[in-house]
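First comes the structure, then the notes that go with it.
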Amino acid sequence: MLSYTLRDLLRNPRRTLASVVGVALAVGLFSGIAFFVDSSAATMTAHAIAPVAIDMQADVTDPLGTQAAGAAATAAPTPPVNLAALQSQVAALPGVSSVDRLGILDLPAGAATAGTSTLDAPLRIFAFDPTFLAHYPIVQVQSGSLDAASAMLSPDAARALGVAIGGSVSVAIPGRPALLPLPVSAIADFSHADPLFASRSADTQGEFVGIPNVLVVSTALWDHTILPSLRADAAAAAPSLKTAPVQELDVQLDRRRLAVDPTTAVIRTQGIRRSIERLVPGQLTVIDNLTDALNGAKGDAILAKVLFIFLGLPGVLLAAYLSRYAGSLLAQGQRRERAALRARGAGPAQLLQVLTYNTVAVGIIGSILGLALGFGTLLMLFGRTALTTAAPETFLLSIGLSLAAGLLTTALALYLPGRRALTREVAQESREMDAQPAVPAWLRLRLDLAFLLAAAIVGSITYLAGGYRPTSSEGQSLSLSFYVLLAPLLGWVGATLLGVRLFLALVNRLPDRRRDRFGGLTRGTLMRSLRRRSQALASGMIAISLAVAFGVSLSLFVTTYQTEKLADARFTIGSDLRVTPSVLAAQPPGFGSTLQVAGVSAVSPVSGATALVGTDKRAMAIVDPVTFTRVASLPDSFFIGISASAALNGLVADPSGILVSDELARTFNVQVGDPVNIQLRTAAGKPVPVAFRAVGRFKNFPGYPQGIDLVATRSAFQAATHRTTAEFFLLRAAQADDASLARIAAALQSGPGRTVPLRVETTTTAVNRDQSTLASLNLRGLGNLESVFTVLMSAAGMAIFIFGLLLQRRKEYVTMRALGMPMSSVRALLLGEAGTVTVVSLVLGALVGAGMALLFVQILTPLFTIPPSSISVPAGELALLAGAVVGATAAAVLAAGTTIRRLSLVELLREE
Amino acid sequence: MSQAEAIRLAGVTRHYRTPAGLVRAVDGIDLEIDAGATVAVVGPSGCGKSTLLSLLGGLDRPTSGQLWVGKQNLATLSDPARATYRRTHVGFIFQSYDLLPFLTAVENVAFQLSLQGELDGHDHCLELLDSLGLGDHADKLPDQLSGGQRQRVGIARALAHRPALILADEPTGELDSETSRSVMDLLLEAQRHLGATLVVVSHDVGVAQRLQRVLTLRDGRLVADSRSDPKGQPVA
């Protein structure tokens, strides 16, 4: 029986191919999505931890050992932490790659002097060794080098003290009677060293405190000179040091050894943190930045998997349906063969055995081909990294699941219908073969309406339960109730079936051909065939419409998502690039014009200020309306009752004009034209009242994703406050692609960035910065992956439909040829039926797909800062999909025509 | 109406290659059939009767030899030319009727006319069906007709375009004896009316005896050729 099955598969290559193709596509898509999700989760982990500068900060809870000393007098003595020893112990822990000591001491204004100059601002002292600089490039040495006996200064401190390398500064250390003289050996830039300025205090942990004046000493100097003085000060009756110093170990983990899956990685990082804490119980507070980042990614990875699976599920279901469809087309031929086997004496057990072998063989062949297809597609779209990023065990699990899905699909598509057929009597079967095809079950049972009703119920319940509203979770992460995606899926099937039902009803209502006139050969035959057996086209129409609808919805949704993501990024940044000069460095006059590097088409300065409106403190943006309109995207939807250009023109025409947020306008009942009296502060901090006039209301303002209350002109603000420094600059690029933006960013850093340290953000970095939220999902990747399979499925669906038509109607075609019908007419007939299915499927698929895309966009609106106002249409992708269906139709019709031409008229006319 | 044409076969063979070896379905037949004659082809199963009919109908091409129908040598015709020959010269009647299932009885008949570009032959088709006793069934689909009725529609389709040659492959094979007799009556009457040449392949001796000439085949060869007078009495 096994050899019979194998021979049967080889003897009927077209039938075998049709059976296998659906399974292969289902497994290919399933495995492709599974591999992609594995890879995405791994990438998500890498992206989540990439911005973490310091993995863990182990802070000594009693940095001066004063509590230990106090405790020694009363209870069991707790020895102070020996940081050097602890450093070695932590470094020896598995998974730790480096450990560096860091000391921090904040001193008040006047603590540092150089010659006759005294620093009249607070000073921060850092203590670390040169290895710290190697491990943490956030501190960039501009000139000189750090050594054990000297000091390194920030440019601001050096400037304020009027000292350079080779000079000397003196620092007043609390507890030390004399000033501490330190030769200056290096100047370093701290403008990118935000983590060093983040608060370690439990109450304000992570809060950034910018201190421009920095002095760095070695840990040796810290241990032997500074710490003893501080201890002496702490032990004094009236200590002069108000803020305790920080003593910490900055721990860097071996990130390559972290699991790619964030959930597993978190377990490992938490284990390392606990190991560090256990070394000196109760004496360390470990700030675990890595676990915090991974926790965000962990939740997102799970949601991403769910979202990917839901977006991918229709494709898998579709491929399975295609497999079932192919199986049903082959059923007639297989029944005939089984009847022949019965006639030759084969019993039910043997027939069942043949069916089982056939199912297993098709399942295995289809699954292997599908896995190869999944691998191949992933390689083609994303390169080798897509397969090497995820852990091997994750991949093996995905392979196992894909194979199981393949066998399940085959069992559902081939085994169950075959087994059902076997239980029937031969006589009953032959009657069935002669009978007119029954009305399909979905049509009889009104499954289309049932699916649509279910979609409406699920959608309503989800809406009432708040499923369409975003749920804020930690940080910027967004949680989305995933079952909201069920409604579009049910709607997809229901609307497609309903569309086909309407087509059938429409065709049935078409007036019959004139009884007294047959009409042209092809036209007369085709119209009668279409009208009288339109149901025969329904299955093919459903399969192809579902595929097209899925492809269209995916293309529309992914393109809209990408467009809106970029719009969000532009809104967040304010333009293509945002350049923020370091607050630690002074901006020279005309600094803005130096930012006009190659590729930049416009620059606009923007500042922020706090304004007092009545007794409310309100945030105000100060813009130059003329240049701002050149750099920012200002959709009219941002403004209320006025267009964007009218609003900005209002500011140009009246420099004392002001734009007010809708919220502020409602709170203070401000109408356009009303005076708005606010209080600002001058550069010296002196309050100054300013009278503005409201010229417009807005809902959103570019560059301020968190919202802003007022937008005033730069000229009015400067006149009132004499504050001229811009907080940041918005730059419009001539070309806004990623590569051009990166080039501009590099040019800015190497040009004006040499004078004033700059933070350059682009729309690309804004998108990437969202890596810990769902908004950063690589839906484009998933879209590309599924588009490949949608095109394949649409084409395969069409080919299977035409092949099925040929199988079912070959006797008819042969009869027509025998009666003298020219081959061109036979082909035209075939093309007419296939073309009808193609056109209806494309139209129906486009309509249903657009509806699904609208629903998807609606559901995922919470992912966007600015709600999408319209659907973006990727004309090229849609044309490719339509082209694939039309091309497959043409190719399959040509192939079928050739097959019909080659069919032996004599043999087939003798059949039955 | 096409003019009845004489048929001439000279050394016609039709061989097939199968996994079991070479099959000589028709093996060197020399034969002449007069225009307007009625001929039965008989013989055991697999003797080459249907193959011979297929060759005469231009459904198949001889492996070797010459096959003339009127002035056309079917052995040398291209596929499109054979299709033209079939739709203009030949009326086929198949054992399993082979009606197009989505066309009504009258449309099946009209289909044959439309093959020749005749678009307004509806009345002619109805008359034909009426003459075959199917006037009340003209608008029925094939699966609403009995076997005998379907075969009569098949006959009507074969006659609709007034062919020069009517080829019937076991036309009564699936019918009871009474219906068979009725079908043969109709066929012979139509042949007389059209003056066409009629070749019938049959196992049924009763059917064969009603035709002027009976050709007996065995293993692809013509082993007997008997003629009868118009009353059915053998003359050679």
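The values are calculated or read from the model by the stated rules, or taken from the named source; none is laboratory data. Just so it is clear, the structure is predicted and the values come from calculations on it, not from any experiment. Here the Cβ positions follow ideal geometry from the backbone for every residue, glycine too, while neighbour counts run over all protein chains shown.
Within the bounds of the stretch A:816-835, is there any residue that is farther than 30 Å from B:HIS161 by Cα, in a helix (DSSP H, G or I) and either in contact with a helix residue (DSSP H, G or I) (Cβ under 6 Å, 6 or more places away or on another chain) or not hydrophobic (A, V, I, L, M, F, W, C) (or both)? Yes, that holds for at least one residue.
Criterion first (touching a residue at least 40 places away in the same chain (Cβ under 8 Å) and under 30 Å from A:ALA326 (Cβ atoms)) does A:LEU17 satisfy it?
No: the conditions fail for A:LEU17.
Here the helices (runs of 4 or more DSSP H) wholly within the stretch A:566-675 that include at least 3 residues being farther than 25 Å from A:THR763 by Cβ and free of Cβ contacts under 8 Å to residues at least 60 places away in the same chain are A:644-653, A:662-667. Suppose we keep only residues that are free of Cβ contacts under 8 Å to residues at least 60 places away in the same chain and in a helix (DSSP H, G or I) within the stretch B:192-208. Which one would you say is nearest to the other protein chains (Cβ to nearest Cβ)? For the stretch B:192-208, the residue satisfying everything is B:HIS193. Looking at the stretch A:890-904, which of its residues are out of contact with any Phe, Trp or Tyr (no Cβ under 9 Å at 6 or more places or on another chain) and either among the basic types (Lys, Arg) or buried (at least 20 other Cβ atoms within 10 Å of the Cβ) (or both)? A:VAL893, A:GLY897, A:ARG901, A:ARG902 - these are the residues of the stretch A:890-904 that are out of contact with any Phe, Trp or Tyr (no Cβ under 9 Å at 6 or more places or on another chain) and either among the basic types (Lys, Arg) or buried (at least 20 other Cβ atoms within 10 Å of the Cβ) (or both). Of all residues in the stretch B:147-191, which are in a loop (DSSP other than H, G, I, E, B), within 13 Å of chain A (Cβ to nearest Cβ), among the small types (Gly, Ala, Ser) and surrounded by 21 or more Cβ atoms within 10 Å (Cβ to Cβ)? Result: B:ALA160, single match. All of (1) polar (S, T, N, Q); (2) surrounded by fewer than 21 Cβ atoms within 10 Å (Cβ to Cβ); (3) assigned to a loop (DSSP other than H, G, I, E, B) hold for A:THR563 with one exception: (3). Here is a list of conditions, (1) touching a residue at least 12 places away in the same chain (Cβ under 8 Å); (2) more than 28 Å from B:CYS125 (Cβ to Cβ); (3) more than 7 Å from chain A (Cβ to nearest Cβ), and B:ASP60 meets all of them except one; can you say which number that is? The number of the failed condition is (3). For the stretch B:207-227, filtering for residues that are over 17 Å from the mean Cα position of the chain (by Cα) and surrounded by fewer than 19 Cβ atoms within 10 Å (Cβ to Cβ) leaves 8.
Here is a list: A:ALA896, A:ALA882. Which entry is among the hydrophobic types (A, V, I, L, M, F, W, C), more than 38 Å from the chain's Cα centre (by Cα), more than 14 Å from every other protein chain (Cβ to nearest Cβ) and part of a helix (DSSP H, G or I)?
A:ALA896
Could we say that A:SER575 is surrounded by 22 or more Cβ atoms within 10 Å (Cβ to Cβ) and within 14 Å of chain B (Cβ to nearest Cβ) here? When the stated conditions are applied, A:SER575 does not pass them.
Of the helices (runs of 4 or more DSSP H) lying entirely inside the stretch A:380-484, those containing at least 2 residues that are at pLDDT below 65 and of a type in the set (A, V, I, L, M, F, W, C) are A:426-434.
How many of the residues making up the stretch B:104-120 are surrounded by fewer than 21 Cβ atoms within 10 Å (Cβ to Cβ) and either more than 7 Å from every other protein chain (Cβ to nearest Cβ) or touching a residue at least 12 places away in the same chain (Cβ under 8 Å) (or both)?
3
Restricting to the stretch B:89-103, count the residues that are facing chain A (nearest Cβ under 7 Å) and closer than 24 Å to B:GLY36 by Cα. Number of matching residues: 2. If we keep just the residues of the stretch B:68-96 that are in contact with a helix residue (DSSP H, G or I) (Cβ under 7 Å, 6 or more places away or on another chain) and part of a loop (DSSP other than H, G, I, E, B), which is modelled with the lowest pLDDT? Only one residue fits best here, namely B:PHE94. Among the residues of the stretch A:681-708, those identified as over 22 Å from A:ALA653 (Cα atoms), of a type in the set (A, V, I, L, M) and either free of Cβ contacts under 8 Å to residues at least 24 places away in the same chain or part of a strand (DSSP E or B) (or both) are A:ALA684, A:VAL688.
Restricting A:SER534, A:SER555 to residues that are touching a residue at least 12 places away in the same chain (Cβ under 8 Å), more than 10 Å from chain B (Cβ to nearest Cβ) and within 16 Å of B:PHE102 (Cα to Cα) narrows the list to A:SER534.
Which of the following residues is surrounded by fewer than 22 Cβ atoms within 10 Å (Cβ to Cβ), touching a helix residue (DSSP H, G or I) at 6+ places or on another chain (Cβ under 7 Å) and more than 8 Å from every other protein chain (Cβ to nearest Cβ): B:GLY46, B:GLY28, B:GLY65? Before you say what the answer is, go through the steps one by one.
Working: B:GLY46 fails: touching a helix residue (DSSP H, G or I) at 6+ places or on another chain (Cβ under 7 Å); B:GLY28 fails: touching a helix residue (DSSP H, G or I) at 6+ places or on another chain (Cβ under 7 Å).
B:GLY65 is the lone residue from the list that is surrounded by fewer than 22 Cβ atoms within 10 Å (Cβ to Cβ), touching a helix residue (DSSP H, G or I) at 6+ places or on another chain (Cβ under 7 Å) and more than 8 Å from every other protein chain (Cβ to nearest Cβ).
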